[in-house]
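Engineer: Got a structure here, written out as structure tokens. Questions coming.
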Amino acid sequence: MAFPTNLKQLFNRAPKKNNWAGLIEAYRPWLPVTKKTPVISLYEGATPLLPVKSISDRIGNGVQVYVKYDGLNPTGSFKDRGMTMAISKAKEAGCEAVICASTGNTSASAAAYARKGGMKAFVIIPDGYVAQGKLAQALVYGAEILSIKGNFDTALDIVRELSEKYPITLVNSVNPFRLQGQKTAAFEIIENLGNAPDWLCIPMGNAGNISAYWMGFQEYFSANKSKKLPKMMGFQASGSAPLVIGKTVEEPETIATAIRIGNPVNKEKALLVKNSSNGKFLSVTDSEIINAYKILGKEEGIFCEPASASSVAGLLKLKDEVPKNSKIVCVLTGNGLKDPECAINNNDSIFHSGLNPDINSIAKTMGF
Ligand SMILES: *Cc1c(COP(=O)(O)O)cnc(C)c1O
């Protein structure tokens, strides 16, 4: 193609002006906001839906697999979708402080949005089980951090009680505005694909996100904006799979700390989603999670956190059940940079250290 020589032609080739102003502005009619709601936004949402050939090829049968890369939200996880709503509504109600229990991403997101809205953010985290990147964020965003000797489930019990006794708003996924914001990811997928996918594969911790997606898919289906509803496929880590084994896990354990939850807040909702969508819940081992994590990194250039890779690990495990020529979306809930320790301990890269700064010996090390 010839290079345009006149300015007008050049101008027409420039990308459209970016007027995205966050998901509340984009989906206002679908959300419980009014003109009076002060919108607290970091322009979250509108994340890419990327085709992943390496996964499609492994499934075969003409199946097309995409990932919804929600780790590209402002604080690096899908939690921002819910937080813009929860914090805007808290601000509207005149609240001055928010609180959450968190395995990390909720606290990072709550802190960023609360501070942006001029509110205080308290976060209660389980001692020693929060990935470095997430802790760094909460610190920089100016949260007040309360680290307890106990797991997420204990932390949640505490914040629930605190928010009942004191003037402070709870922004965990028991807060209904969170799910309202999160349902917009389903809208975006339908808008990108022109229809709902056949399967939606998603990690489950407290199971708020799977419930939110289902709400979004149903709303667009009812409004004739999609012609079908997906089967909802929820995945948990095998050491932390209360929704798969059907009972609370007292001491949940997994490398995927974001879903290290033994007693999911939204379990009833999640079971309803599974039944009404004809879906399935399954657990994946830490090594299956790491395998998917590595494939996405090495073959797709996509760095997600281990919890997120469980959606792809689950799909690979269900390979033989995937319908021919179907379209599948796997949700990548968080960014890989959140958990650098996991990355450094789980990769197949070659790292030559301590080399002398000498061209010949470096070239030799490189195999020339
Ligand atoms: C919060 C979180 C999840 C789990 O979402 P739920 O709504 O609790 O099921 C999964 N992955 C990441 C990265 C998260 O931050």
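Engineer: Which one of these does Gly246 not meet: (1) within 14 Å of the ligand (Cβ to nearest atom); (2) small (Gly, Ala, Ser); (3) more than 26 Å from Ala343 (Cβ to Cβ)?
Structural biologist: Answer for Gly246: the failing condition is (1).
Engineer: When only residues in region 196-212 that are more than 7 Å from the ligand (Cβ to nearest atom) and touching a residue at least 40 places away in the same chain (Cβ under 8 Å) count, which is surrounded by the fewest Cβ atoms within 10 Å (Cβ to Cβ)?
Structural biologist: Here the residue is Asp198.
Engineer: If a residue has to be in contact (Cβ under 8 Å) with a residue 40 or more places away in the chain, more than 30 Å from Pro74 (Cβ to Cβ) and open to solvent by 90 Å² or more (accessible area, probe 1.4 Å) to count, how many in region 322-360 make the cut?
Structural biologist: Residues in region 322-360 being in contact (Cβ under 8 Å) with a residue 40 or more places away in the chain, more than 30 Å from Pro74 (Cβ to Cβ) and open to solvent by 90 Å² or more (accessible area, probe 1.4 Å): 2 in total.
Engineer: Against the definition (among the hydrophobic types (A, V, I, L, M, F, W, C) and either outside the structural domain of Cys201 (by TED's automatic domain parsing) or more than 15 Å from the ligand (Cβ to nearest atom) (or both)), how does Ile289 come out, yes or no?
Structural biologist: So Ile289 fails the test.
Engineer: Could you name every one of the helices (runs of 4 or more DSSP H) located completely within region 251-368 that has at least 3 residues being among the polar types (S, T, N, Q) and at pLDDT 95 or above?
Structural biologist: Counting at least 3 such residues, we get 306-317, 359-365.
Engineer: Right, next: Somewhere in region 215-224, is a residue out of contact with any His (no Cβ under 8 Å at 6 or more places or on another chain), part of a loop (DSSP other than H, G, I, E, B) and more than 16 Å from the ligand (Cβ to nearest atom)?
Structural biologist: The answer is yes, given that some residue of region 215-224 is out of contact with any His (no Cβ under 8 Å at 6 or more places or on another chain), part of a loop (DSSP other than H, G, I, E, B) and more than 16 Å from the ligand (Cβ to nearest atom).
Engineer: Just need a number here: residues in region 64-82 that are of a type in the set (A, V, I, L, M, F, W, C), in contact with a helix residue (DSSP H, G or I) (Cβ under 7 Å, 6 or more places away or on another chain) and open to solvent by 10 Å² or more (accessible area, probe 1.4 Å).
Structural biologist: Counting residues in region 64-82 that are of a type in the set (A, V, I, L, M, F, W, C), in contact with a helix residue (DSSP H, G or I) (Cβ under 7 Å, 6 or more places away or on another chain) and open to solvent by 10 Å² or more (accessible area, probe 1.4 Å) gives 1.
Engineer: From the residues in region 150-180 that are assigned to a helix (DSSP H, G or I) and in contact with a helix residue (DSSP H, G or I) (Cβ under 8 Å, 6 or more places away or on another chain), which one is farthest from Ile210 (Cα to Cα)?
Structural biologist: Step by step, filter region 150-180, then rank; the result is Phe177.
Engineer: Okay, next question. Count, please, the residues in region 112-149 that happen to be exposed (fewer than 15 other Cβ atoms within 10 Å of the Cβ) and not in a helix (DSSP H, G or I).
Structural biologist: Number of matching residues: 7.
The values are calculated or read from the model by the stated rules, or taken from the named source; none is laboratory data. Worth saying up front: this structure is predicted, and the values here are computed from it rather than measured. As a convention, Cβ positions derive from the backbone with ideal geometry for all residues, glycine included, and neighbour counts pool all protein chains shown. Protein only, heavy atoms only, side chains kept; ligands, DNA and RNA dropped before computing areas. Shrake-Rupley method; radii C 1.70, N 1.55, O 1.52, S 1.80 Å.
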